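As structure tokens, the structure follows; a few thoughts come after it.
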Amino acid sequence: MATMAPSRFGYKKVMTSDESARVGSMIAYRLAEDRSLQAVMWAAHRKIWMFAPAIAVQFIYDPEVTDRAKEIDRPTAERVAREELRTELPSEETLAAMCEEGERMGWELGPPEE
């Protein structure tokens, strides 16, 4: 039996709210007709990539903040993560695994803080 290829991720860099033109976060997301938004984002205050679709959704759909989120391609996302966020962008396989775990654990706002 053939399996369907997983949908690819889109990427958005999220500018800080202080209008300094600095990148404050990044979102890796994917939408599929048969499921809700899946999104992993860089949480600068925690210095982790985390499954957090309830936070990411505002940067994708809320007109009051969508102007802070700019669509970028994967190579640009890798560069922005490295040069501006000082982290490495997880592979698409890792992002998919993070989405699966986050959904299973119910982490709509990210994993609990320790």
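Peptides 11-23, 33-45: what's the order by average Cβ count within 10 Å, highest mean first?
Details: 11-23: 14.4, 33-45: 16.4.
Output ranking for 11-23, 33-45: 33-45, 11-23.
Quick one: net charge of LEU95's neighbours, Cβ under 14 Å, K/R +1, D/E -1? Mind showing how you got there, number by number?
Numbers: positive: ARG8, LYS12, ARG30, ARG74; negative: GLU78, GLU88, GLU92, GLU93, GLU100, GLU101, GLU103.
Overall, the nearby charge balance is -3.
Please list the non-local residues whose amide H lies under 5 Å from the amide H of GLY24, H modeled 1.01 Å from N, same-chain partners needing a gap of 5 or more.
Under 5 Å from the amide H of GLY24 lie the amide H atoms of VAL14, MET15, THR16, each far enough along the sequence or on another chain.
Tell me what the chain gives for mean residue ellipticity at 222 nm when only DSSP H runs of n ≥ 4 count, each as -39,500 (n - 2.57), the sum divided by the residue total, rounded to 500 deg cm²/dmol.
On the way: 3 runs with 33 residues, N = 114.
Dividing the helical sum by the residues of the chain leaves -9000 deg cm²/dmol.
May I ask for the percentage of alpha-carbon pairs in the chain that lie more than 25 Å from each other? Before the final figure, lay out the partial values.
Working: 1112 of 6441 pairs.
The share of Cα pairs beyond 25 Å in the chain comes to 17 percent.
Give me the percent relative contact order of the stretch 24-105, please, defined on Cα pairs under 8 angstrom at least 6 residues apart. Mind dumping the intermediate values first?
Details: 81 pairs, mean separation 19.9, N = 82.
RCO, the stretch 24-105: 24 percent.
Near ARG68, within a Cβ-to-Cβ distance under 14 Å, what is the net charge of the other residues, with Lys and Arg +1 and Asp and Glu -1? Could you put the intermediate results ahead of the total?
Values: positive: LYS12, LYS13, ARG22, LYS70; negative: ASP18, GLU19, ASP62, GLU64, ASP67, GLU71.
Residues near ARG68 contribute -2 overall.
Compute the signed sum of charges (Lys and Arg +1, Asp and Glu -1) over the other residues within less than 12 Å, Cβ to Cβ, of MET50.
Details: positive: ARG46, LYS47; negative: GLU101, GLU108, GLU113.
Local charge sum for MET50: -1.
Under a straight-distance cross-link criterion of Cα-Cα below 15 Å, which aspartates and glutamates are reachable from LYS47, leaving out those fewer than 8 residues away in the same chain?
Straight-distance partners of LYS47: GLU83, GLU84, GLU88, GLU113, GLU114.
Which one, ILE55, GLY102, PRO75, is farthest towards the positive end of the dipole of the chain when Lys and Arg carry +1 and Asp and Glu -1 on their Cβ?
Among ILE55, GLY102, PRO75, the one farthest towards the positive end of the dipole of the chain is PRO75.
Rule-based calculations on the coordinates, nothing more; no lab input. Since this is a predicted model, take the numbers as computed values, not measurements. Glycine also receives a Cβ, built like all others from the backbone with ideal geometry; neighbour counts cover every protein chain displayed.
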